[in-house]
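The values are calculated or read from the model by the stated rules, or taken from the named source; none is laboratory data. From a predicted model like this one, the values you see are computed outputs, not experimental measurements. FYI the Cβ positions are ideal-geometry reconstructions off the backbone, even for glycines, and counts take in every protein chain you see.
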Amino acid sequence: MKRARVLFVDDEIIFANNMSKLLTSRGYRVTTVNSGDATLEKLEDQEFDVVVLDLKMPGKDGITTLREIKIRGLFTETLILTGHGAIDSALEAIKLGAYDYLTKPCEIDDLVEKIEGAWEKKDHDEKVDMQEKIKKVVESPSAVFQIFKKKKK
Amino acid sequence: MDRNQLTAKAKDKALFRNRVLTIIIVSFTPMILISGIILYQFYTSYHEKVYAHLGTIVKKHKRNIDSFLNEKLGNIRFIARTFSFEELSDESFLQDRLVTLQQEFDHVFVDIGVINEQGIQVSYAGPFKLGKALYSEADWFQKAMESEYVISDVFFGLRGLPHFIIAVRENHNGRDWILRSTIDFVAFNNLVENIRIGETGFAFILNREGKFQTKTLLDILPKKMPCMDFVKSRRKISKEGICISEGVDDSEEKYIYVGAFLKGGDWLLMFRQRSSDAFSDFRSAVSVTLAIILLGGLGIISMAFILTKRTVKRISQVDQKKRMMNEQIIETGKLASVGELAAGIAHEINNPVAIMVEEAGWIEDLLEEEEFKEGENLGEFKRALNQIRAQGHRCKEITHKLLSFARKTDSRVKDLNINNVIDELVTLSEQRAKYSKVVIETSLQDNLPNIKASETELQQVFLNLINNAIDAMEKEGGTISIKSRLDGKDFVIDLADNGPGIPQANLLRIFDPFFTTKPVGKGTGLGLSICYGIIKKMGGEISVESNVGTGTTFHVYMPLPGDEENQD
């Protein structure tokens, strides 16, 4: 069974590594990074289905990173996993296009459930996107180049 | 605290004393000053009036007495000039003249006599047998020989009775002769004795030597009298010949003396009255004034005490309130800083707790592997790991509560589109709703005017209501429908669910603080009461209707911005 590719972002290295172990044992392909900048770098490099993002990090915080992801048009779903359960930051993250949020410490099953949900959405969005692209290609073959351009990027 | 109360009490006492003193001084000073000035003015003018009155009386009597004496002198002079020495030497003729005079003047003239150059009485008419009396040594005779006429002082003379003499000198063939008449002392005395004012005011006449010329009650008059000064010096006498002074006599009592010179300065008409008698009206006025001042003073003092007592009580109450408020503010400040500290700690604790919980999760995963499956303590391991996880979640609950307690809500009021707020909250809650099989439907009226409110407060209200609805329908799922509309002067948001509903008994209490139907540790019972408080603060209303089995609807009414301004 194909499992989702997860990028786990948390400045607490031990926590990130542990979560990685837990998720890996459940069949996910997990990569961990410890900062906002590293996240963006990794996403530019590689495609991930779901990014699990900590909000409070030194340097680029979660919200800024999320904003950058959206601005750069990096195709992934984002889950917020935060120690702070404030409405404001959660609301802002949702507004910026995050899929959902969870508070630390969380049940691994809950996290898995949300990752599945996010992945499903991404899959669905991808399909819709692909269909639209195919439609475009059918309508104007020159659009093919745009698709490849984007992929290359 | 005790010490604070003590100092507060001492302060109150000092305040009370100062206030009472201030009120008394401020009210008494002008009262006493004004009363004093008025009294002084009254005293002066009353004295002047009394003096003027007495002066007038004395002046009138002085004129009376002077005219009496002049008239009598005129009568005698008339006889002396009209008739010759020979005619008057005839005793029967003289008798006729005396009778005429007595008929005319009501027996003022006692007798009449003619005296020659040598002082021998030539003829006499009257009740006494004076015959050829010799007057050459008499004082009045010598004076009469020097001047044209004389009015003598009162003396006893040959007859042994007080009397005085009017004598006129005439010339007959180069030889002087004198016509003299004795004036009835009683008639003269009545002129003076009639002057009686009040209880102690009476008059008398003194000659230059200070001897009484009237029959006065000698015993009531002191030997030493300040009036003697008048006799010795005339400096004090006023323009009209009246002199007024006050003095103390032997009996230590103050008397008023009014004097006027008679008979060209030979006699002094004195009027004497006790000061207390003369100023009795003034004295009663003073007593009435003093009584009024005393009563007024008592009134002022009692009012000062009563009013100050009340004011000080009020002030101390306000002070106490202020102190309590200050204490409360300090407490709140402390609480706030404790809250901030707690929030910091809570946030920092979350990460290690999360690590512990997830590590436990990892061990749990590992225990699933074959090599551990056979371990005899596997059950115990699992129990312990569950415990770690459960306690970790408990920590999370605590830190989250601390964080939400310490969270600063932004209560700044700004223009908000209520639909946007609801949309955002629905988005936020959608995932949670999905897991509980709850669908959120919205039907928001377009073109609603903006509302003036705090965004975080409104978020709190609606998130609370949405979460409550989701909680209620968690088991069986359902639909939440949110409607926004305008109803007259209010925005209305209706939030309806088709959950199990609220029993009638609980319906009345759901806005009460600490009322909750959730299991212990799950709900604080503050959510709806906070909503109620926020909406009330905005000038709105929140109401609920519910039927068991059908569902619950909350109605939130909020005033339009214009309304709020009008209310202000």
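For segment B:98-109, the count of residues that are in contact with a Gly (Cβ under 6 Å, 6 or more places away or on another chain) and surrounded by 17 or more Cβ atoms within 10 Å (Cβ to Cβ) is zero. Please determine, by comparing only the residues of segment B:452-470 that are under 15 Å from B:Leu425 (Cβ atoms) and away from every other protein chain (no Cβ under 14 Å), which one is farthest from the chain's Cα centre (by Cα). Here the answer is B:Ile470. Out of the residues in segment B:239-278 meeting the condition of being more than 23 Å from B:Phe68 (Cβ to Cβ) and assigned to a loop (DSSP other than H, G, I, E, B), tell me which one is modelled with the highest pLDDT. Only one residue fits best here, namely B:Glu253. Could you look through segment B:338-352, keep only residues that are surrounded by fewer than 21 Cβ atoms within 10 Å (Cβ to Cβ) and at the interface with chain A (Cβ under 7 Å from one of its Cβ atoms), and pick out the one that is modelled with the highest pLDDT? Out of the qualifying residues, it is B:Asn351. When the residues of segment A:4-15 are filtered to those that are under 16 Å from A:Thr78 (Cα atoms) and aliphatic (A, V, I, L, M), the one that is surrounded by the fewest Cβ atoms within 10 Å (Cβ to Cβ) is A:Ala4. Does A:Glu44 satisfy being charged (D, E, K, R), farther than 30 Å from B:Ser454 by Cα, within 13 Å of another protein chain (Cβ to nearest Cβ) and under 13 Å from the mean Cα position of the chain (by Cα)? Answer is no for this residue.
Taking segment B:447-546 as the region of interest, the strands (runs of 3 or more DSSP E) fully inside it that hold 1 or more residues being in contact with a helix residue (DSSP H, G or I) (Cβ under 6 Å, 6 or more places away or on another chain) and among the acidic types (Asp, Glu) are B:490-497. Does any residue of segment B:274-297 turn out to be buried (at least 18 other Cβ atoms within 10 Å of the Cβ) and not hydrophobic (A, V, I, L, M, F, W, C)? Yes, that holds for at least one residue. Tallying residues that are buried (at least 18 other Cβ atoms within 10 Å of the Cβ), β-branched (Val, Ile, Thr) and closer than 16 Å to B:Ile535 by Cα within segment B:467-516 yields 2. Put simply, of B:Phe85, B:Phe28 the only residue that is in contact (Cβ under 8 Å) with a residue 12 or more places away in the chain, out of contact with any Phe, Trp or Tyr (no Cβ under 6 Å at 6 or more places or on another chain) and crowded, with 16+ Cβ neighbours inside 10 Å is B:Phe28. Note on segment B:130-172: among residues that are β-branched (Val, Ile, Thr) and touching a residue at least 40 places away in the same chain (Cβ under 8 Å), the one that is surrounded by the most Cβ atoms within 10 Å (Cβ to Cβ) is B:Ile166.
Selection of first residues in segment A:1-21 that are among the acidic types (Asp, Glu) and of second residues that are surrounded by 24 or more Cβ atoms within 10 Å (Cβ to Cβ), restricted to Cβ pairs under 6 Å at least 6 apart or on distinct chains, gives the following pairs, ordered by first then second residue: A:Asp10/A:Asp54. Looking across segment B:415-446, the residues that are assigned to a helix (DSSP H, G or I) and of a type in the set (Lys, Arg) come down to B:Arg432, B:Lys434. When A:Lys114, A:Lys95, A:Lys104 are checked against the criterion of being over 11 Å from the mean Cα position of the chain (by Cα), modelled with pLDDT under 85 and buried (at least 22 other Cβ atoms within 10 Å of the Cβ), a single residue qualifies: A:Lys104. Apart from one condition, A:Phe48 fits all of (1) modelled with pLDDT of 90 or more; (2) not in a loop (DSSP other than H, G, I, E, B); the exception is (2). The condition (being in a loop (DSSP other than H, G, I, E, B) and farther than 20 Å from B:Asp266 by Cα) is satisfied by just one residue among B:Phe93, B:Phe128: B:Phe128.
When you look at A:Leu102, is it more than 9 Å from chain B (Cβ to nearest Cβ), part of a strand (DSSP E or B) and touching a residue at least 12 places away in the same chain (Cβ under 8 Å), yes or no? The answer is yes for A:Leu102.
Of the residues that sit in segment B:180-212 and are of a type outside the set (Gly, Ala, Ser) and part of a loop (DSSP other than H, G, I, E, B), which one is surrounded by the fewest Cβ atoms within 10 Å (Cβ to Cβ)? It comes out as B:Glu209. Taking the numbered list (1) within 31 Å of the chain's Cα centre (by Cα); (2) at pLDDT 85 or above in turn, B:Asp66 passes all entries but (1).
Residues that are free of Cβ contacts under 8 Å to residues at least 24 places away in the same chain, farther than 18 Å from B:Lys518 by Cα and within 60 Å of the chain's Cα centre (by Cα) are absent from segment B:433-446 altogether.
Residues are listed down the side, and each one gets a yes or a no for (1) at pLDDT below 85; (2) more than 14 Å from chain A (Cβ to nearest Cβ):
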position: B:Gly477; (1), (2): no, yes
position: B:Ser484; (1), (2): no, yes
position: B:Pro519; (1), (2): yes, yes
position: B:Gly523; (1), (2): yes, yes
position: B:Leu526; (1), (2): yes, yes
position: B:Ile530; (1), (2): yes, no
